[in-house]
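Reading through the structure tokens given below for one structure.
The values are calculated or read from the model by the stated rules, or taken from the named source; none is laboratory data. Please read all numbers here as calculations on a predicted model, not as lab measurements. No Cβ is skipped: glycine too gets one built from the backbone with ideal geometry, and neighbour counts run over all protein chains shown. In case anyone asks, the SASA skips ligands and DNA or RNA and just uses the protein heavy atoms, side chains included. Shrake-Rupley method; radii C 1.70, N 1.55, O 1.52, S 1.80 Å.
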Amino acid sequence: MSVEKETEINNNKVQILKCWDDMVPVKFKVINDEESTNGEKFESCTDSSWIKKGEKFNEEKLRERIVPWLSTLFKAEHLSLLIGSGLTNAVCSIAKSSIPSWQNIKFDNISKEIEDKIEKEAEKSAGKSGRGKANLEDRIRVVNELIRGMEIYYGLDNDELKILKNSLAEVLQKLAELILNTEMNFRTSEDVLNKNISLNYLVNFLMSFASRPGTKERLHIFTTNYDRFIELGADIAGLRLIDRFIGTLSPIFRSSRLEIDMHYNPPGIRGEPRYLEGVAYFTKLHGSLDWFNINRTIHRIPIPFGAKSIQPYLDAISIDDNQSDTIKQLMIYPNAAKDRETAEYPYVELFRDFAASICRPNTTLVTYGYSFGDEHINRIIEDMLTIPSTHLIIISRDDSTGRIMSLYDRLGRKQQITILIGDQLADLQLLVDNYLPKSAIDFTTFKLDELIKKILITNSNNIKDNVTSGNDIKIEQDEDKNEGEK
């Protein structure tokens, strides 16, 4: 396919699917109602083993390709889910809840010279990561590095350094308030019907992955989000999340969290305890809105979902975030050049969990709403794919920056990668309704399904064997009765 044609297809927001035995990604587009003759919804833009270029088809054909394939991959020995900001956007979109923009947050009171240098370095960092235009997180990362350099060069009493620190504190405070506003806008939304619908889809999305039989390892959920929408969905679903925080009143981050799990002893049954259902491991790779550093100990402060402000909860524990670096120490930002942030506590523990979870044989990693803009995460995924029995499933509403397909081409592990890109494939509602396997926790359900299938197959074979000619049917029960009499 020519470069011009490829560009034309991408500009039309074509859907991209690669699964099963596809040698190359299959691209298709939504057709107009006037072009459809038999209710078809899509038209193929490329040739493949199951569809020809220009051929029209409907969602049923997609389900036949996607659902059995995902069901098989989800039954891997180890299953991990990496969630990006796309999930928050999807949930808020269904609820018709607004998400405040980060573009309006700027560094105030700093000189024009320093501001220009920060912007130039941020653009350079964004270019290395493939993001293109610099965002707020790039600028914050650059300011953090600049502050550290000025502390070394000028000392702590420099006036420009103090101004820059105060400006950074204000930006971080605004960022925290923006994240809270995202939660608050959702919580206070007057569109109750759509809000409930969005929560139902959030719950079903999480349970499609978390519903694992007791013979398989727990689901591991990882996220780069600072908000608490995943925690909200887990609370509604009754899904218990195990993280590195231990405690009740003020949970504390512990390095000894590994291998903690939940079991129970069935009544009247002796032997090894069984896994408690509805449990998953949970890791927030970039920190969280409710994490604070108090006396070099990471605490999770009980801030309600959608609270109007963080400050009252900081006042309750005598923490003034305007005079401390608590928020600054608990949020890290995408860094294309260096990984200094990920080598510091507590992030070193979190990224170790991520690498230990996915870099194992017979592992499936699913990414949803993750744009592959964090190189320190991408490198771990790349290492995972060096293990032949691992598999990566990428589900994304779009690939506007081209990072996903660029990574796919660069890795060269195409047989180990499944792709679902497009609003007709990765839209949260369409994904849950049509393509994700339905949740089924109990292992007995799986055994029952197998038993029913065997019975149906056996009955079908018996019917075929019993049909002799015309309408004459030989009943085996009579034969068994005669055998018994003899």
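Things to note:
- List Asp315, Asp243, ordered by accessible area with a 1.4 Å probe, largest first: Asp315, Asp243
- Built amide H within the under 5 Å cut-off of Ile242, gap 5+: Ala280, Tyr281, Phe282
- Heavy-atom accessible area with a 1.4 Å probe sorts Lys112, Lys120, Lys162, Lys284, largest first, into Lys120, Lys112, Lys162, Lys284.
- Point-charge dipole on Cβ atoms (K/R +1, D/E -1) for the range 202-267, about Cα centre, debye to 20: 120 debye
- Applying 1/(1 + (r/R0)^6) with R0 = 41 Å to the Cβ-Cβ distance of Lys216 and Glu40 gives a FRET efficiency near 0.60.
- Sorting Arg141, Arg352 by accessible area puts them as Arg352, Arg141; the probe is 1.4 Å, largest comes first, and only protein heavy atoms count.
- Within-14-Å neighbourhood charge of Gly369 [Cβ basis; K, R +1; D, E -1]: -4
- Local electrostatic count at Trp20 - Lys and Arg +1, Asp and Glu -1, tallied over other residues with Cβ under 11 Å: -1
- Taking 7 Å steps out from each Cα toward its Cβ at Asn109 and Ala356 produces label points 4.3 nm apart.
- Solvent-accessible area per residue for the range 176-218 (1.4 angstrom probe, square angstrom): 40 Å²
- Spin-label zone in the range 75-90 - amide nitrogen under 14 Å from a point set 7 Å from the Cα of Asp191 along the C-beta vector: 89-90
- The Cβ shell under 11 Å around Lys174 holds other residues with a net charge of -2, Lys and Arg each +1, Asp and Glu each -1.
- Residues whose amide H lies under 5 Å from that of Thr418, counting only those 5 or more places away or on a different chain, are Leu392, Ile393, Ile394; hydrogens are built 1.01 Å from N in the peptide plane.
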